[in-house]
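Throughout, read-outs are computed from the coordinates displayed, never taken from laboratory work. Small disclaimer: the values here were computed from a predicted structure and weren't measured. We place every Cβ from the backbone using ideal geometry, glycine too, and count neighbours over all the protein chains shown.
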Amino acid sequence: MARMTMIEAVRSAMDVSMERDDDVVVFGEDVGYFGGVFRCTQGLQAKYGRTRCFDTPISESGIVGTAIGMAAYGLKPCVEIQFADYMYPAYDQITQEAARIRYRSNGDFTCPIVLRMPTGGGIFGGQTHSQSPEALFTHVCGLKVVVPSNPYDAKGLLIAAIEDPDPVMFLEPKRLYNGPFDGHHEKPVTPWSKHDLGEVPEGHYSIPIGKAEIRRPGSAVTVIAYGTMVHVALAAADEMGIDAEVIDLRSLLPLDLDTVVQSVTKTGRCVMVHEATLTSGYGAEVVALVQEHCFYHLEAPVVRVTGWDTPYPHAQEWDYFPGPARVGRALAEVMEA
Amino acid sequence: MTEFPQLSLHVPEPAVRPGDQPDFSNVKIAKAGVVPRPEVDVASEEIRDLAYSIIRVLNRDGNAVGPWAGLLSDEELLTGLRNMMKLRAFDARMLMAQRQGKTSFYMQHLGEEAVSCAFRKALRKGDMNFPTYRQAGLLIADDYPMVEMMNQIYSNESDPLRGRQLPIMYSSKEHGFFTISGNLATQYVQAVGWAMASAIKNDTRIAAAWIGDGSTAESDFHSALVFASTYKAPVILNIVNNQWAISTFQGIARGGSGTFAARGLGFGIPALRVDGNDYLAVYAVSSWAAERARRNLGPTLIEYVTYRVGAHSTSDDPSAYRPKTESEAWPLGDPVLRLKKHLIARGVWSEERHVQAEAEILDEVIQAQKQAEAHGTLHAGGKPSVRDIFEGVYAEMPAHIRRQRQKAGY
């Protein structure tokens, strides 16, 4: 076991995959010689050569479009979109091409690609470096959508994503790259080296896509979260002294509905948390499923804590980011109902 | 202070509209045989003229002339003629089938048969096309079974795509034909990616990208040219300029650029313009580009100048936006008649044999049609299963789709 940041874990996943399979190629803006603006691909070009890890023109539709063509050829491209906020020029390629090639060709062609993209706020990135566009992917049949919350999961899930026969959107919460972040921005950053889930095996392992993990068992209320908000939810539960069960979804599509239903059936209360905007957000889908499957076990209305329905602001970051105080208030509200 | 006039917006208009006399005086046609044939390792800046001229082999008398002539044998040309005739007959029968309600939609190639039929000949087994909806000649000329194409068009029980795709959106990896999207231009950059993959793996196979004049306006066209240029991908970038993007004349997408081929020059990609109704010229230019790709010299952009004689699709009526007789005035003629004339001039074909071949081909198409219709048409007979809606979204069906399939009763 080694201690790794989430950056190192993601890099290790690509390294292990490229070592094992010559068909894995890695490319994107600044990812080659320099190793990526977040350094996730550092050293890969030096190790595997320029034809397996390279810089691309600034053209997301070009990056994803060529990745799709390479996948049709038989390669397994794992490409980086520099920020999730930059993926929109590739949205046509993602939704109408990558997601449907298997279906429309009846399996004659397939599209085993991974799009890695730093997501979420907490770094004063403003409206174009803070977005959480996961619902724009979970609404698209044919895609898988994964959001890890720690280095151990990031590596295991990224290896699974690269080995997956279908296109996987791999959203990396950038605020978690260097350490767990519970929303207490005023406190010094805790590094992953001081966290259990910063312990990462150096070799190959994978975590199945579609399995949630219970991060904190509890019996009073279920908190459903993913990515950065897992750590915020854990902090809120501790600070409120509420016996909350915190579920880290890890994979949004497919969703581990069994884990969600079992937990809410047990607790009778549910809070859904995400950084993305509220309206038609991923939480709406989860909450609809909760009422469909757990209605007669619910003791209180399900509450959502999310980003506001506004663009992500710059100066007012901490009034926008759904921190532990807001999650805590939602927990209290659900407990009182 | 300098006085300037008020600004005004320029919106291009075609020279003529319904009711007007067709006028192609602005289409500058080079004489057959006059455009030089450069070496394949030529730099793009040395052949800038080729992006503005038109490479032609067949002259008015039906003779093959100039440096691009002499590449194909009698037998190869006779096969080429047969392929184009087959595609034309296939189109006619399928158009009729659509009018008879046997399918929902159809798109024909009338006037453009030479482009895909001759191009296929420049490729080898294992190469990959990323086609649009008007290159079925790639399949016909590769002997893909017509009955399979019809099964797809009819969405019947033997449809290889299980009823999921709009008619004519074929897919055949075996025949080097990437699944057609129906979206425009997306496949152009994918072809570049496929070619890059072949180069990454030190393979010998090449890719071909296809797009229409109208869709060159899409950003994916630009992305494709950037990537192809940067990585010198072994890809042939084809633009089929058939003058019309549904009802929009090519001047709207082309803008102030002299030609579509000229778009390649800014990327340092050798760009050639060719008579798309001349089977020999299409083959000569596309095989030149294929050789460049195979020699690892990188991409080539080719504009095929042709004319969409028919409607855009069965949902379109061109008489609403262009003169009815415009196709008759098209200065590059008809690809089937031109190759026929050439073969007669070569002494290997005759009017009688042509009539006989037409009858044989029609019979072949009708036989295939009967065979396909035995497996059903869109609204009658055998159909794909409702289960097929839910299969194949993912390699392994996830639980939520399984629940929905069960809800649908399957």
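Among A:8-16, A:47-55, how do they line up by average Cβ neighbours within 10 Å per residue, starting with the highest?
With the highest mean Cβ count within 10 Å placed first, the list reads A:8-16, A:47-55.
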## Note on the structure
Under 18 Å between C-alpha atoms, the lysine pairs in the range A:147-224 lying 8 or more places apart or on different chains count 4
### Query
Under a straight-distance cross-link criterion of Cα-Cα below 17 Å, which aspartates and glutamates are reachable from B:K370, leaving out those fewer than 8 residues away in the same chain?
B:D91, B:E148, B:E157, B:D159, B:E360
### Message
Highest mean first, how do B:231-243, A:20-32 rank when packing is the count of other Cβ atoms within 10 Å averaged over residues?
### Response
B:231-243, A:20-32
#### Entry: Neighbour cut-off at most 15 other Cβ (10 Å), DSSP loop, trypsin sites (Lys or Arg not before Pro), the range A:191-275
A:K211
### Query
Among the DSSP beta bridges whose two residues both lie in chain B, what percent are antiparallel, rounded to the nearest 5?
20 percent
### Task
Using only Cα atoms, locate the centre of the range B:208-248 and the centre of the range A:91-127, then give the distance between them in Å, rounded to an integer.
22 Å
#### Entry: Net +/- balance of residues flanking B:R294 in space, Cβ distance below 14 Å, scoring K and R +1, D and E -1
+2
### Message
Which trypsin sites (Lys or Arg not before Pro) in the range B:318-410 sit in a loop by DSSP (not H, G, I, E or B) and have at most 13 other Cβ atoms within 10 Å of their own Cβ?
### Response
B:K324
### Message
Along the Cα→Cβ direction, 7 angstrom out, place labels at A:M1 and B:L337. What is the inter-label distance in nm?
### Response
8.2 nm
### Summary
Mean other chain Cβ within 10 Å across A:72-79 is 5
### Query
Which percent, nearest 5, of DSSP beta bridges in chain A are antiparallel?
20 percent
### Summary
Ranked output for segments A:309-321, B:120-132 by mean other Cβ atoms within 10 Å, highest leading, reads B:120-132, A:309-321
### Query
How much of the DSSP beta bridge set in the protein assembly as shown is antiparallel, as a percent to the nearest 5?
20 percent
### Query
In the range B:1-92, which trypsin sites (Lys or Arg not before Pro) are in a loop and have at most 13 other Cβ atoms within 10 Å, using DSSP for the loop call?
B:K28, B:K31, B:R60
### Query
Using the count of nearby Cβ atoms within 10 Å as a rough guide to exposure, how do B:L301, B:L161 rank from fewest to most?
B:L161, B:L301
### Neighbour net charge for B:V35 - beta-carbon separation under 15 angstrom, K R +1, D E -1
0
### Task
Please give the average number of partner chain Cβ atoms lying within 10 Å of the Cβ of each residue in B:182-189, rounded to a whole number.
5
### Message
Sequence gap at least 6, Cα distance under 8 Å: using those rules, report the relative contact order of the range A:2-200 to the nearest whole percent.
### Response
25 percent
### Query
Cβ under 15 Å from A:Q45's Cβ, A:Q45 left aside: what net charge do those residues give with Lys, Arg +1 and Asp, Glu -1?
-1
### For B:197-210, mean number of other protein chain Cβ atoms within 10 Å
3
### Task
Tell me which residues come under 5 Å, amide H to amide H, from B:A30 once H is placed; ignore anything under 5 positions away on its chain.
B:I54
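Report the longest stretch of chain B that contains none of the GluC sites (Glu not before Pro) sitting in a DSSP loop with at most 12 other Cβ atoms within 10 Å.
B:175-395
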## Note on the structure
Computed, not fitted: 222 nm per-residue ellipticity of chain B from DSSP H runs ≥ 4 (each -39500 (n - 2.57)), nearest 500, equal to -11000 deg cm²/dmol
### Length-normalised contact order for the range A:213-336 - Cα pairs under 8 Å, 6+ apart - percent
29 percent
## Note on the structure
For chain B, averaging the sequence separation of alpha carbon pairs under 8 Å that lie six or more residues apart and dividing by its residue count, the contact order in percent is 24 percent
### Query
Can you list the lysines whose alpha carbon is less than 29 Å from that of B:K232, not counting same-chain residues fewer than 8 positions off?
A:K47, A:K76, B:K121, B:K125, B:K173, B:K201
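Fewest Cβ neighbours within 10 Å first, please rank B:D20, B:D316 accordingly.
Arranged by neighbour count, lowest to highest, B:D20, B:D316 become B:D20, B:D316.
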#### Entry: Modelled label reach - B:I344, point 7 Å along Cα→Cβ, the range B:39-76 residues with backbone N closer than 16 Å
B:59-64
### Query
Fewest to most neighbouring Cβ within 10 Å: what's the order for B:W194, A:W308?
A:W308, B:W194
